[in-house]
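Before any comments, here is the structure.
The values are calculated or read from the model by the stated rules, or taken from the named source; none is laboratory data. Predicted, not measured: the structure shown is a model, and the values here were computed from it. Quick reminder, even Gly has a Cβ in these numbers, built from the backbone with ideal geometry, and neighbours come from all protein chains shown. Please note that ligands, DNA and RNA were not included when accessible areas were found on the heavy atoms of the full protein model with its side chains. Shrake-Rupley method; radii C 1.70, N 1.55, O 1.52, S 1.80 Å.
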Amino acid sequence: MMAWSWSSVMLAAAVAALPLLVLWILDVRRMARVAASIPGPPTLPVVGNFLSFSRSRLRRSFQGMMKQYGTIFRLWFGPLLAVWVLDAEDVEVVLSSPACMHKPRVMYRLIEPILGRGLLVLNGAEHRRHRKLILPSLHREVINKFQPLMQGAAAELVANLRPRANSGEVFDVVPLCGIAAVDSAFRTILNASGELFGPELRQEMVDQVDTMSSLLMYRAVRPWYHLDWFFRLDANYAKYRRINQVYDKLINDVLKNKMEGGSGTNKHTPTGRRKAFLDHVLGSESGRQLTRDELYGELKTMLAASFVTSMDSLSIQLLVLSILPEHQIRIQQELDDTLGAERPLEVGDVDHLEYLDRFVKETLRYFPTFPAFGRRCLRDVPLPSGHTLPAGCFVALSPLASHHNPKHFPEPERFDPDRFLASAVAARPAAAFMPFSAGPRSCIGARYAMIFLKTHLASVLQRYTVLPDPLGPRDVRRVRMKMGVTFYPRDGVRIRLRARAPHGATATAG
């Protein structure tokens, strides 16, 4: 038998790969032909537009392109085509098209180890199956019954804020919002008692959020670190691994206690009123079709996503309240009229706090939790704008840009909760406002997030007036933001508090 030399093996491999290379080149050329009408900056051979951007000027670059090319433009990163789609009519088609349901693996695989293999990263039939099995446990009526559990977390936040109000000091409220978000997530998602989530664990999870966000961005902008084996050689890998270990241990401990009937979960919580998500899943026929590993992935996703987004959203809401006192006064008057002097929130109250609801939505318009997200186009998709998204391209969607489109939000830099009066909402496309995405892949925790925010804001504003940092911004346009896992204030959220007496009278001068 003839022996194969190393050069012969390499030649055979090259010959075998040649048809695949030809098909790949033809596919890229086809994408370029279909996308030819989409405007964009000039490209260089091989690298495309890759050298035109750096992390330090990324936002400025995109703002310039939106000004120059409008609400749809394309960028080439080597052979990869990314199309930014920003107008609501086009966005609505993308988010509802079966051809654009997949999330780009190249982007989302980096967050999977930390946020879990749940609905956030799943695609295709696996995503549809999980969503179908989980949705009954996040039905509107079920989430409404989470409100008393959230009220307990909100009461602890109010108590934790009291020393700050008494002193009148300027302080960063983000860590306390983080503790409230973790506490609420534990109560509503895991139904875990203090035996499993003591103050040390809650504090560690909050402390790690900024590290987690920085590490994910650090890895995302360095393509060589997308390779797991190469990232393990980096000095930051130890921090990355520690974050994973904390989440893994927590979820495994909760599942072990719940499934074995241990004391670490509130196993004897009364049915209905104070039932958490995990109880609903384990008690439902659909939920029991999830394997332990599948349930683990969904719990990890929901826990991490809910508390990180809730922490950042609550913090920015309080910052805006401190900067714009006229809106705070209207919300407090609404609370006094609805709840009176001392009555705490009850189930259903948040649905009647109309001005608070509009304020929360306008803040989410101005500062969306996720400034951008992506889809992968599997087939050609014609858009109302007259352009066609070619199969194989990445589609980039930006709530931050869409929410500031003057076509649907006149004077977009002006903060105005009345943009969310029923008549104004009916006059614009649904996809013009998408803080929780939209369509079949919209966030299933959207109502959870709104109830969390309104419950905690109502509880805080019933007891305190939020005042600005004398050295901080006095205009929402001057708030410096940073993009990581979420969109959050670069300089933290520094505020002051002043206690309110019963019936909304001012208790102290602060």
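Taking the 1.4 Å solvent-accessible surface of the chain as the whole, the part contributed by carbon and sulfur is 58%.
Put a dot 7 Å past the Cα of residue 351, heading toward its Cβ, do the same for residue 241, and the two dots end up 5.0 nm apart. Straight-distance candidates among the lysines for linking to residue 482, with alpha-carbon spacing under 27 Å and chain neighbours fewer than 8 residues away dropped: 67, 103, 239, 300, 361, 407, 454. Computed from label points 7 Å out along Cα-Cβ, the spacing between residue 50 and residue 29 is 2.2 nm. For residue 292, the solvent-accessible surface with a 1.4 Å probe is about 100 Å², rounded to the nearest 10. The heavy atoms of residue 329 offer some 110 square angstrom of accessible surface to a 1.4 angstrom probe. Annotation for residue 407 and residue 230: the two label points, set 7 Å from Cα along the Cα-Cβ direction, are 3.9 nm apart.
Scattering from the C-alpha atoms of the stretch 348-450 alone, worked out with Debye: what is log10 I(q)/I(0) at q = 0.13, 0.25 1/Å? Result of the Debye calculation: -0.55, -1.50. For the chain, the mean residue ellipticity at 222 nm estimated from helices alone is -15500 deg cm²/dmol, where every DSSP H run of n ≥ 4 contributes -39500 (n - 2.57) and the total is divided by all residues, rounded to the nearest 500. The C-alpha atoms of the chain define a longest principal axis, and helix 354-366 lies at about 30 degrees to it. Between the beta carbons of residue 204 and residue 378, assuming R0 = 30 Å, the FRET efficiency works out to 0.15 to the nearest 0.05. For residue 275, the lysines whose Cα falls under 18 Å of its own Cα, not counting residues fewer than eight places away in the same chain, are 145, 258, 267. Restrict the search to the stretch 348-417; then list the trypsin sites (Lys or Arg not before Pro) that DSSP places in a loop and that have at most 14 other Cβ atoms within 10 Å of their Cβ. Counting only loop positions with at most 14 other Cβ atoms within 10 Å, the trypsin sites (Lys or Arg not before Pro) in the stretch 348-417 are 379, 407, 414. For the chain, a crude dipole built from +1 on the beta carbon of Lys and Arg and -1 on the beta carbon of Asp and Glu, taken about the Cα centre, is about 1120 debye to the nearest 20.
Put simply, when 209-215, 44-50 are sorted by average Cβ atoms within 10 angstrom per residue, most first, you get 209-215, 44-50.
Put 239, 258 in order of accessible area, largest first, 1.4 Å probe: what do you get? Present the calculation step by step, with values, prior to reporting the outcome.
Numbers: 239 110, 258 20 Å².
If we order 239, 258 from most to least accessible, we get 239, 258.
Per residue, the accessible area of the stretch 383-484 comes to 39 Å² when a 1.4 Å probe rolls over the protein heavy atoms. Taking packing as the residue-averaged number of other Cβ atoms within 10 angstrom, the listed peptides 318-327, 381-390 run from highest to lowest as 318-327, 381-390. Taking the C-alpha atoms only, the angle from helix 124-134 to the longest principal axis of the chain is near 20 degrees.
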